[in-house]
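The values are calculated or read from the model by the stated rules, or taken from the named source; none is laboratory data. Just so you know, these numbers come straight off a predicted model, no measurement behind them. Virtual Cβ from ideal backbone geometry, glycine too; neighbours counted across all protein chains shown. Just so you know, the surface numbers come from the protein's heavy atoms only, side chains and all, with ligands and any DNA or RNA stripped out. Shrake-Rupley method; radii C 1.70, N 1.55, O 1.52, S 1.80 Å.
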Amino acid sequence: MNSLWLCDDFKDNRFFGLDKDVFCDVCIIGAGIFGLTCGYYLSKLGFKVVVVDKYDVARKTTGHTTAKITSQHGLFYTYLVDTYGEQFAKDYLFANENAIENIKDIIDTEHINCDFEVQSSFVYSTDISDVEKIKMEVDCLNSIGFPANFVTKCGLPFEIAGGVQFKNQAQFNPIKYVNGLCNCIIKNDGNIYTNTTVYDVKNDDDLFSTFTVGGTIKSKYIILASHYPFINFPGMYFFKMYQSSSYVIGVDTKKTLFNGMYITSSVPTYSFRTAFYNGKKILLLGGCDHKTGTPVTFEDSYLNLENYAKQLYPNCEVLFRWDTRDCITLDKIPYIGLFSSTIDNFFVGTGFNKWGMTSSNVAANIVCDMILDKTNKFAYVFDSTRVNPIKNRTEIKNMISESVSSLALKKLKDSSVSFDSICFNSGGVIDVNGQKVGVYKDSSGNIFAVKPICTHLGCLLSWNDADKTWDCPCHGSRFDFMGRNLYDPAFKDLETFNLNF
Ligand code: FES
């Protein structure tokens, strides 16, 4: 089963690979929502734009999101005010509120039919002990001028202890939306090349050369809009971000569904929204987050969500099942702006912390203003070149929890299993003559063996039994059971072995 958004009814396969050298004003690496929004704005302003992607359009995070368009990013504003002050929190919030309006404007202006619906967004808890911090968040939001409400009733099919409501947020079908952006880019004389791997970028004589398997793209500006910045230096984003995995199921509940978009205020995280499929409203239930690279089973992920859906809707039918990866920054604020303070005209937008449908529009506006040499009053909040001292206990807690998680993963690095203990349709790392080998046995007992060393910076991979992939605990690259690269920052496949036992 695949993502609802990437089912045959919606996905766009019309583009082809680059097969020649080309010149343009702006080369955008990555055809997800951020890259395509930049392409839309810039091509409309008359820039010659080329968008290039290793896969088809929006096949990674954009095609696997829950697609909520909102400035409500969990119980976030108390943390922002405590850490960075009221003005900073206000600017973060209104940058995202503006983005909601911008997305609506694009949809209206370009007549994009993408199931856009204005909805309220809620962060809620069923636990009475969470109510105090929920009320604090509401007070904090009101004090910076945002009309958030404290609620004890909402549309969910169970009682809640309390929640924060943001009105006038939205949801949409992200693939229908980006298909509309692609149409505009083509209409504005831009080009989109898919299935084209970029393997290097160089800068000579005020021009960038982006080297791909099919040809070289020369441009004055570069926007790195890939899922994770796969160019390591001098940006060094691998020091500043990790990836988080989560899971979504699409369910026909056989019941009338609620309005609104919902997420829990604390762990375990569950996310609810509705979507349209075959003229019917279905439930999208998400959750079971974990740091990418932590071993996970089907029971921990999809089955957990399915059991929860059945508890709420006993006759429900699961129609879709998918997983997603998000880049998480240590201070929980995206990186938007220059890729590095040492290179002009090279921009990045990344680390959207699971809220990329909205933050990607914030990012596109900031980057486009930088290209146009215009001041953007929100740019300082997201400055990608920031080196902030740690400001408070919450931030220290964030950092420590990530380090502890890395230490736990270090231990896993030393654990190998025996070949015989690997069940059919499962995998693990074994020792063969002192060498680590990653083994997957398919359901018929065929063996696929890889060198389980990440091709990004060399971390030992771990087996993900829910999705049958090799995942990297360091920065979240993923490979399928045959060693083919699926997710950046790695872009090379794994070495494979022929095991003869
Ligand atoms: Fe960086 Fe694997 S993703 S070492």
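Filter segment 132-184 down to the residues that are touching a residue at least 40 places away in the same chain (Cβ under 8 Å), in a strand (DSSP E or B) and surrounded by 18 or more Cβ atoms within 10 Å (Cβ to Cβ) and list them by number.
Answer for segment 132-184, where residues must be touching a residue at least 40 places away in the same chain (Cβ under 8 Å), in a strand (DSSP E or B) and surrounded by 18 or more Cβ atoms within 10 Å (Cβ to Cβ): Gly163, Val164, Gln165, Phe166, Gln169, Ala170, Gln171.
Keeping to segment 475-492, report how many residues are open to solvent by 20 Å² or more (accessible area, probe 1.4 Å), touching a residue at least 12 places away in the same chain (Cβ under 8 Å), more than 10 Å from the ligand (Cβ to nearest atom) and assigned to a loop (DSSP other than H, G, I, E, B).
Within segment 475-492, residues that are open to solvent by 20 Å² or more (accessible area, probe 1.4 Å), touching a residue at least 12 places away in the same chain (Cβ under 8 Å), more than 10 Å from the ligand (Cβ to nearest atom) and assigned to a loop (DSSP other than H, G, I, E, B) number 4.
If the requirement is being of a type in the set (Lys, Arg) and touching an Asp or Glu at 6+ places or on another chain (Cβ under 9 Å), which of these qualifies: Lys167, Lys135, Lys176?
Testing whether each residue is of a type in the set (Lys, Arg) and touching an Asp or Glu at 6+ places or on another chain (Cβ under 9 Å) leaves just Lys176.
Conditions first: (1) open to solvent by 20 Å² or more (accessible area, probe 1.4 Å); (2) in a loop (DSSP other than H, G, I, E, B). Phe238 passes all but one, so which condition is the exception?
All conditions are met except number (2).
Return only the number of the condition from (1) within 23 Å of Phe239 (Cα to Cα); (2) under 16 Å from the mean Cα position of the chain (by Cα) that Thr358 does not satisfy.
Among (1) within 23 Å of Phe239 (Cα to Cα); (2) under 16 Å from the mean Cα position of the chain (by Cα), the lone unmet condition for Thr358 is (1).
Pick from Ile263, Ile249: which is closer than 17 Å to Thr62 by Cα and either assigned to a strand (DSSP E or B) or open to solvent by 30 Å² or more (accessible area, probe 1.4 Å) (or both)?
Being closer than 17 Å to Thr62 by Cα and either assigned to a strand (DSSP E or B) or open to solvent by 30 Å² or more (accessible area, probe 1.4 Å) (or both) holds for just one of Ile263, Ile249, which is Ile249.
Check Lys374 against each of (1) open to solvent by 20 Å² or more (accessible area, probe 1.4 Å); (2) farther than 16 Å from Ile223 by Cα; (3) within 22 Å of the chain's Cα centre (by Cα) and name the one condition it does not meet.
Here Lys374 clears every test but (3).
Could you figure out which of (1) charged (D, E, K, R); (2) under 25 Å from Tyr124 (Cα atoms); (3) assigned to a loop (DSSP other than H, G, I, E, B) isn't true of Asp91?
Going through (1) charged (D, E, K, R); (2) under 25 Å from Tyr124 (Cα atoms); (3) assigned to a loop (DSSP other than H, G, I, E, B) one by one, Asp91 breaks only (3).
Looking at Asn498, Asn446, which one is free of Cβ contacts under 8 Å to residues at least 12 places away in the same chain, more than 26 Å from Ile29 (Cα to Cα) and more than 16 Å from the ligand (Cβ to nearest atom)? Before the answer, list the steps.
Numbers: Asn498 fails: free of Cβ contacts under 8 Å to residues at least 12 places away in the same chain.
On inspection, the qualifying residue turns out to be Asn446.
Restricting attention to segment 41-64, report how many residues are part of a loop (DSSP other than H, G, I, E, B) and open to solvent by 20 Å² or more (accessible area, probe 1.4 Å). Walk me through how you get there before you give the answer.
Keep residues of segment 41-64 that are part of a loop (DSSP other than H, G, I, E, B), which gives 45-48, 53-60.
Now restrict to residues that are open to solvent by 20 Å² or more (accessible area, probe 1.4 Å): 45-48, 53-56, 59-60.
The qualifying residues number 10.
Restricting attention to segment 316-334, report how many residues are assigned to a loop (DSSP other than H, G, I, E, B) and open to solvent by 10 Å² or more (accessible area, probe 1.4 Å). First the steps, then the outcome.
Of all residues in segment 316-334, those assigned to a loop (DSSP other than H, G, I, E, B) come to 316, 330-334.
With the extra rule that they be open to solvent by 10 Å² or more (accessible area, probe 1.4 Å), the set shrinks to 316, 330-332.
Going through segment 316-334 one residue at a time, the tally reaches 4.
Go through the residues of segment 354-370 one by one and say whether even a single one is within 15 Å of His227 (Cα to Cα), assigned to a helix (DSSP H, G or I), in contact with an Asp or Glu (Cβ under 8 Å, 6 or more places away or on another chain) and open to solvent by less than 20 Å² (accessible area, probe 1.4 Å).
Yes, some residue in segment 354-370 is within 15 Å of His227 (Cα to Cα), assigned to a helix (DSSP H, G or I), in contact with an Asp or Glu (Cβ under 8 Å, 6 or more places away or on another chain) and open to solvent by less than 20 Å² (accessible area, probe 1.4 Å).
Of the residues that make up segment 185-198, is at least one in a helix (DSSP H, G or I) and touching a helix residue (DSSP H, G or I) at 6+ places or on another chain (Cβ under 7 Å)?
yes
For segment 457-474, give me the residue count where each residue is assigned to a strand (DSSP E or B) and not hydrophobic (A, V, I, L, M, F, W, C).
In the first step, residues of segment 457-474 are kept if they are assigned to a strand (DSSP E or B); the result is 460, 462-464, 469-471.
Now restrict to residues that are not hydrophobic (A, V, I, L, M, F, W, C): 462, 464, 469, 471.
Selection size over segment 457-474: 4.
Select from segment 449-474 the residues that are open to solvent by 20 Å² or more (accessible area, probe 1.4 Å) and over 27 Å from Val248 (Cβ atoms) and write down the one among them that is nearest to the ligand (Cβ to nearest atom).
The qualifying residue nearest to the ligand (Cβ to nearest atom) is Leu457.
Could you please give the count of residues in segment 329-355 that are within 13 Å of the chain's Cα centre (by Cα) and among the small types (Gly, Ala, Ser)?
Matching residues across segment 329-355 total 2.
Suppose we keep only residues that are closer than 18 Å to Ala58 by Cβ, out of contact with any helix residue (DSSP H, G or I) (no Cβ under 6 Å at 6 or more places or on another chain) and not aromatic (Phe, Trp, Tyr) within segment 220-242. Which one would you say is farthest from the ligand (Cβ to nearest atom)?
Step by step, filter segment 220-242, then rank; the result is Leu224.
With Ile106, Ile128 as the choices, which residue is among the β-branched types (Val, Ile, Thr) and loosely packed, with under 15 Cβ neighbours inside 10 Å?
Working: Ile106 fails: loosely packed, with under 15 Cβ neighbours inside 10 Å.
None of the others qualify; the one that does is Ile128.
Looking only at residues in segment 266-281 that are closer than 27 Å to Glu137 by Cα and not basic (Lys, Arg), which one is surrounded by the fewest Cβ atoms within 10 Å (Cβ to Cβ)? Break it down stepwise before answering.
To start, the set of residues in segment 266-281 that are closer than 27 Å to Glu137 by Cα comprises 266-274.
From the residues that got through so far, the ones that are not basic (Lys, Arg) too are 266-272, 274.
On the way: Ser266: 14, Val267: 8, Pro268: 10, Thr269: 15, Tyr270: 18, Ser271: 18, Phe272: 24, Thr274: 20.
Among those that are closer than 27 Å to Glu137 by Cα and not basic (Lys, Arg), it is Val267.
With the structure loaded, tell me whether Gly337 is out of contact with any Pro (no Cβ under 8 Å at 6 or more places or on another chain), crowded, with 19+ Cβ neighbours inside 10 Å and modelled with pLDDT of 95 or more or whether it fails that test.
Working: out of contact with any Pro (no Cβ under 8 Å at 6 or more places or on another chain): yes; crowded, with 19+ Cβ neighbours inside 10 Å: yes; modelled with pLDDT of 95 or more: yes.
So Gly337 passes the test.
In this structure, is Phe23 open to solvent by 10 Å² or more (accessible area, probe 1.4 Å) and in a strand (DSSP E or B)?
Values: open to solvent by 10 Å² or more (accessible area, probe 1.4 Å): yes; in a strand (DSSP E or B): yes.
For Phe23, the condition - open to solvent by 10 Å² or more (accessible area, probe 1.4 Å) and in a strand (DSSP E or B) - is met.
Please work out which one of (1) assigned to a strand (DSSP E or B); (2) farther than 17 Å from Trp355 by Cβ; (3) out of contact with any Leu (no Cβ under 8 Å at 6 or more places or on another chain); (4) modelled with pLDDT of 95 or more is the condition His290 fails and give its number.
All conditions are met except number (4).
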